[in-house]
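Since the structure comes first, as structure tokens, the remarks are kept for the end.
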Amino acid sequence: MTPSPAGGAEPPRPDAVCDGGDLDCGSGLLLIIRGAMDPLPRGGVLEVRSREGSVREDLPAWCRMVGHDMVATAPGTAGSTSYYVRKGGGDASLDADLEKARGFSWTVRVRWSEGMKATAFARNHSIPVGQPASLDTADPAPAAVELLLASLGGCLAVGMQMRLSRAGIAVRNLEVSLRAKAVNLLVFLGAEDEGHPGLERVEGTVYVDADADEAALRKAWEETLRRSPVAQTILRTTPIALEVKST
């Protein structure tokens, strides 16, 4: 870990600033840093702001590996730390890595187990899946529709927190409450043929307790929706109407 400048000296004036919020180096922060550093000339300084503790060790290690120089660190605002990185040589693999990220595909296997139950396997995770759209409150596993809503809510909650953290806004609590109904659930059950069993509309509320005014929350929320992989997939066919409330 590179210490702050000795003798209370000021850190160098950065040529560009990159705010990573709570992202760690393994979840996309390095791609953001590399993209921000790419336009800088050799010797240019990038200030990387981060609230994630693991960056303190991982970023200097990455700099040593690729030939950049970590020249200083300094405390930032809202619990963040600023890391000053002087650019070394060019990043020859950046375009290839960005293209790899653009074309990345997620893989999930789902195996029926017994009765009306299945298990989904994603990376090192196993996820129990119950009936596609059960109405029984005592089911041993969540229904597939509930998992869809859980995926949407999780994507929005974590995405919102990430956007706020990258804007230097501390989040104390954040909760997403969702509700949805099918156009005609009886089509899934085979009792009717009119209409379709897909979701008619997703509604709900996002409750946020953070050091931000309504305008900042609204800006972060609009950005969250626009950049959410799950929300943008669902929005192609189903309206999403969520209200943001400060608590």
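The values are calculated or read from the model by the stated rules, or taken from the named source; none is laboratory data. Small disclaimer: the values here were computed from a predicted structure and weren't measured. FYI the Cβ positions are ideal-geometry reconstructions off the backbone, even for glycines, and counts take in every protein chain you see.
Could you check segment 145-180 and list, in sequence order, the residues that are within 14 Å of Ala78 (Cβ to Cβ) and of a type in the set (S, T, N, Q)?
Gln161, Ser165
Can you report the number of residues in segment 202-222 which are touching a residue at least 60 places away in the same chain (Cβ under 8 Å) and among the hydrophobic types (A, V, I, L, M, F, W, C)?
Selection size over segment 202-222: 2.
Matching residues to (1) over 28 Å from Arg172 (Cα atoms); (2) surrounded by fewer than 17 Cβ atoms within 10 Å (Cβ to Cβ); (3) outside the structural domain of Arg227 (by TED's automatic domain parsing); (4) out of contact with any helix residue (DSSP H, G or I) (no Cβ under 7 Å at 6 or more places or on another chain):
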position	(1), (2), (3), (4)
Ala16	yes, yes, yes, no
Gly21	no, no, yes, no
Leu30	no, no, yes, no
Ser82	no, no, yes, yes
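Quick one: which helices (runs of 4 or more DSSP H) lie wholly within segment 18-108 and hold at least 1 residues that are closer than 30 Å to Ala120 by Cα, modelled with pLDDT under 90 and not hydroxyl-bearing (Ser, Thr, Tyr)?
94-102
When the residues of segment 32-50 are filtered to those that are crowded, with 16+ Cβ neighbours inside 10 Å and farther than 23 Å from Ala101 by Cα, which remaining residue is nearest to the chain's Cα centre (by Cα)?
Across segment 32-50, the extreme among qualifying residues is Glu47.
Counting only residues that are assigned by TED's automatic domain parsing to the domain that holds Leu29, among the polar types (S, T, N, Q) and in contact with a Phe, Trp or Tyr (Cβ under 7 Å, 6 or more places away or on another chain), give me the helices (runs of 4 or more DSSP H) lying completely in segment 115-230 with at least 3 of them.
none
Could you grab me the full set of residues in segment 118-159 that are among the small types (Gly, Ala, Ser) and more than 23 Å from Gly204 (Cβ to Cβ)?
Matches in segment 118-159: Ala118, Ala120, Ala122, Ser126, Ala138.
I'm checking my understanding of the structure. Among residues of segment 171-194 that are touching a strand residue (DSSP E or B) at 6+ places or on another chain (Cβ under 8 Å) and among the aliphatic types (A, V, I, L, M), which one is farthest from Ala231 (Cα to Cα)?
Val171
Which pairs do you get when a residue that is more than 20 Å from Leu164 (Cα to Cα), found in segment 65-89, comes within reach of a residue that is basic (Lys, Arg) and assigned to a strand (DSSP E or B), reach meaning Cβ atoms under 7 angstrom, with the pair 6+ apart or on two chains?
His68/Arg86; Asp69/Arg86; Val71/Arg86
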